[in-house]
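What follows is a set of notes on a single structure, which appears directly below.
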Amino acid sequence: MIVVTSSEIAGTARDASGPGWESRRMIVRDDGMGHSVHETRVKKGAELHLHYKNHFETNYCISGEGEVEDVQTGKVFPIRPGTIYALNKNDPHILRATGSDLLLVCVFTPPLAGNEVHRKDGSYAPVE
């Protein structure tokens with residue numbers, strides 16, 4: 001059984017951040033679960049241009065307000081507590097925290113190692 005708290009991850013190699021976001025990687029590849037689970041905060045006013053070419057991602061909003069834009073269609077979806085969105089086609093997207101910080105639970109398949117940050121194209125490197 002794996003039991004971990006967010007406060008235990010704070011300040012470790014599994015506490016990643018970049019411009020406008022920070023993410024505590026609670027479950028990672030080495031845990032052997034086949035997915036990774038992250039507690040991610042997107043700062044109010046942040047606009048993240050992302051394209052997970054090598055991963056599928058599902059996000060569940062715990063708190064905050066924002067929106068996600070499907071780059072290919074231009075369609076914008078509001079994000080509020082209780083909203084889930086899944087990038088099931090490696091969708092290029094723009095994530096915005098509009099009204100306040102967004103707090104998300106994110107699940108990645110394949111799992112992240114835990115210390116990744118976004119590359120210039122908004123993706124994470126392929127799994128080794």
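The values are calculated or read from the model by the stated rules, or taken from the named source; none is laboratory data. Everything numeric in this text was worked out from a predicted model, so none of it was measured. We place every Cβ from the backbone using ideal geometry, glycine too, and count neighbours over all the protein chains shown.
Hey, Cys106 hits all of (1) within 13 Å of the chain's Cα centre (by Cα); (2) on the phi > 0 side of the Ramachandran plot but one; which does it fall short on?
(2)
Taking Val76 as the residue in question, decide whether it is surrounded by fewer than 17 Cβ atoms within 10 Å (Cβ to Cβ) and of a type in the set (A, V, I, L, M, F, W, C). Reasoning before the result, please.
Working: surrounded by fewer than 17 Cβ atoms within 10 Å (Cβ to Cβ): yes; of a type in the set (A, V, I, L, M, F, W, C): yes.
For Val76, the condition - surrounded by fewer than 17 Cβ atoms within 10 Å (Cβ to Cβ) and of a type in the set (A, V, I, L, M, F, W, C) - is met.
Restricting attention to the stretch 88-118, and to residues there that are part of a loop (DSSP other than H, G, I, E, B) and among the small types (Gly, Ala, Ser), which single residue is modelled with the lowest pLDDT?
First, the residues of the stretch 88-118 that are part of a loop (DSSP other than H, G, I, E, B): 88-92, 110-118.
Restricting the remaining residues to those that are among the small types (Gly, Ala, Ser) gives 113-114.
On the way: Ala113: 88, Gly114: 84.
The residue in question is Gly114.
For Gly34, only one of the following conditions fails: (1) part of a strand (DSSP E or B); (2) on the phi > 0 side of the Ramachandran plot. What is its number?
(1)
Quick check on Tyr85: is it of a type in the set (Phe, Trp, Tyr), in a strand (DSSP E or B) and buried (at least 16 other Cβ atoms within 10 Å of the Cβ)? Break it down stepwise before answering.
Working: of a type in the set (Phe, Trp, Tyr): yes; in a strand (DSSP E or B): yes; buried (at least 16 other Cβ atoms within 10 Å of the Cβ): yes.
For Tyr85, the condition - of a type in the set (Phe, Trp, Tyr), in a strand (DSSP E or B) and buried (at least 16 other Cβ atoms within 10 Å of the Cβ) - is met.
If you check every pair at least six apart or on different chains, which have Cβ atoms under 7 Å apart with a residue in the stretch 74-99 that is free of Cβ contacts under 8 Å to residues at least 24 places away in the same chain first and a residue that is among the polar types (S, T, N, Q) and part of a strand (DSSP E or B) second?
Pro81/Ser63
Consider Gly45 against the criteria (1) at pLDDT below 95; (2) more than 20 Å from Asn115 (Cβ to Cβ); (3) in a loop (DSSP other than H, G, I, E, B): it satisfies all of them except one. Which criterion is unmet?
Tallying (1) at pLDDT below 95; (2) more than 20 Å from Asn115 (Cβ to Cβ); (3) in a loop (DSSP other than H, G, I, E, B), Gly45 fails exactly one: (1).
State the number of residues belonging to the stretch 1-38 that are surrounded by fewer than 18 Cβ atoms within 10 Å (Cβ to Cβ) and of a type in the set (D, E, K, R).
5
Inside the stretch 60-82, can you point out the residues that are at positive phi and in a loop (DSSP other than H, G, I, E, B)?
Answer for the stretch 60-82, where residues must be at positive phi and in a loop (DSSP other than H, G, I, E, B): Gly74, Gly82.
Considering the stretch 45-73 alone, what residues qualify as being buried (at least 16 other Cβ atoms within 10 Å of the Cβ), of a type outside the set (A, V, I, L, M) and either touching a His at 6+ places or on another chain (Cβ under 8 Å) or farther than 23 Å from Pro126 by Cα (or both)? Steps first, answer last, please.
Keep residues of the stretch 45-73 that are buried (at least 16 other Cβ atoms within 10 Å of the Cβ), which gives 46, 48, 50-52, 55-61, 64-70.
Of the ones still in play, those that are also of a type outside the set (A, V, I, L, M) are 51-52, 55-61, 64-67, 69-70.
Selection gives His51, Tyr60, Cys61, Gly64, Glu65, Gly66, Glu67, Glu69, Asp70.
Counting just the residues of the stretch 88-128 that are among the charged types (D, E, K, R) and surrounded by fewer than 17 Cβ atoms within 10 Å (Cβ to Cβ), which one comes out nearest to Arg24 (Cα to Cα)?
Arg119
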